[in-house]
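Reviewing the structure listed below.
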Amino acid sequence: MSSHVSGSPTVLSVIIPIFNEEANIPTLYKRLRGVIDPMGLSCEYVFINDGSRDRSLELIRGLAAQHDDVRYVNFSRNFGQQMAVTAGLDLCVGQAVVIIDADLQDPPELIPQMYEKLRQGYEVVYAKRRSREGESAMKKLTSKLFYRTLANLTNVDIPVDTGDFRIMDRKVVEALKLMPEQNKYMRGQISWVGFRQTFVEFDRAERAGGQTAWTYRKMIRLALDAITSYSDVPLKVSTVAGFFVSAIAFVMMIYTFYSRFFRQSYQPGWASLMVSILFLGGVQLIAIGIIGEYLARVSADVRRRPLYLIDDTNIVLEDTRPQRQ
Ligand code: UDP
Ligand code: MG
């Protein structure tokens, strides 16, 4: 696909989205090196600063000044974790690409094991968590519910209990670059592209420092993006429900006419009228709402805005974006 990248001597790229991670960056980098250096491959570390408001940028710039295998990309504002990872995928050059959270919830120590699976011929190896420490019961429950719902609603098989921690072959990265949708759901995309996928298991640790930036609001957004990007079921449910309710209304209408004109016995049906109007109104609003969700995504894609804006970076952009040459 791209001569530059396929001829790249860089074997491994590590993509790290950063949003207010000053407490974790030094440890993370140390632990990554501790694991990756012994593997003896040429590796680049791509830090994407997603509009952090703490000293994160300063720290990664400092690392980049000290080590010439550290790249940084500084976004013009916060674009969200999915976009940070997207930028990393666009700009990295490695033959194998790792995506890892900065908060050390994803143990870098798994990377050699994951890389080994890649060598065995898999194209995607994701890390599947066996347990989750330090996350609230509510978060565990919602996340479990979400994955189960998603699995039932969609026909792409999105692996349960995984985050974004995974290693991918260059082939997969090139495939992902062909999917420019605005409302990204990376886990869905990675599953959608296919190839040979497998997993390694681990126990997920507590966030090392700082705070999660995921609010329930953001989680609901991501869940809606995931469902609407990979499933038409909500749309169909509303249609089916609409038909069902209309059918009942039709039967009731015939019955009303029958009572009114043939049996001549009827009540002034104020209550039933109100109830049916409200009920139908409600159903219609739900249906319109669901259509609106899809429409919002269609319009976002039609606008074709850039997915993210880079303020500055130490990556020479022409070199790493062969598709623009
Ligand atoms: N992150 C980001 N932009 C955001 C939110 C998060 O780049 O708007 C990064 C964050 O720095 C971390 C990763 O995405 O490296 C995962 O975030 P977090 O740990 O808050 O998510 P959780 O583990 O709670 O799902
Ligand atoms: Mg985390």
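One table, with the values for the structure above:
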| quantity | calculated |
| --- | --- |
| Residues located in the stretch 186-202, provided they are within 20 Å of Glu109 (Cα to Cα) and β-branched (Val, Ile, Thr) | Thr198, Val200 |
| Residue, modelled with the lowest pLDDT, within the stretch 200-218, restricted to residues that are more than 10 Å from ligand 2 (Cβ to nearest atom) and under 18 Å from the mean Cα position of the chain (by Cα) | Thr215 |
| Asn74 within 24 Å of the chain's Cα centre (by Cα) and over 19 Å from Tyr185 (Cα atoms) | yes |
| Residue among Asp164, Asp101 that is within 16 Å of ligand 2 (Cβ to nearest atom) and at pLDDT 90 or above | Asp101 |
| Members of the stretch 37-56 found to be within 17 Å of Gln95 (Cα to Cα) and not aliphatic (A, V, I, L, M), listed by number | Asp37, Gly40, Ser42, Cys43, Glu44, Tyr45 |
| Selection status of Met114, assigned to a helix (DSSP H, G or I) and more than 18 Å from Met186 (Cα to Cα) | yes |
| Of all residues making up the stretch 72-98, the number that are assigned to a helix (DSSP H, G or I) and within 16 Å of ligand 2 (Cβ to nearest atom) | 4 |
| Selected residue [buried (at least 23 other Cβ atoms within 10 Å of the Cβ) and in contact (Cβ under 8 Å) with a residue 60 or more places away in the chain] from Val11, Val73 | Val73 |
| Answer residue from the stretch 33-48, given it is of a type outside the set (S, T, N, Q) and in a loop (DSSP other than H, G, I, E, B) and is farthest from ligand 2 (Cβ to nearest atom) among those | Gly40 |
| Filter result (in contact with a Phe, Trp or Tyr (Cβ under 8 Å, 6 or more places away or on another chain) and charged (D, E, K, R)) within the stretch 65-102 | Asp69, Arg71, Asp101 |
| Boolean, Asp103 is of a type in the set (Asp, Glu), touching a residue at least 24 places away in the same chain (Cβ under 8 Å) and outside any helix (DSSP H, G or I) | yes |
| Of residues in the stretch 106-128 being over 9 Å from Met168 (Cα atoms) and surrounded by 22 or more Cβ atoms within 10 Å (Cβ to Cβ), the one nearest to ligand 2 (Cβ to nearest atom) | Asp106 |
| Residue that is nearest to Asp68 (Cα to Cα), among those in the stretch 13-32 that are assigned to a helix (DSSP H, G or I) and touching a helix residue (DSSP H, G or I) at 6+ places or on another chain (Cβ under 9 Å) | Tyr29 |
| The stretch 49-71, residues that are within 19 Å of the chain's Cα centre (by Cα) and within 16 Å of ligand 2 (Cβ to nearest atom) | Asp50 |
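The values are calculated or read from the model by the stated rules, or taken from the named source; none is laboratory data. These figures come from a predicted structure and were not determined experimentally. In this analysis, Cβ positions are derived from the backbone assuming ideal geometry, glycine residues included, and neighbour counts consider all displayed protein chains.
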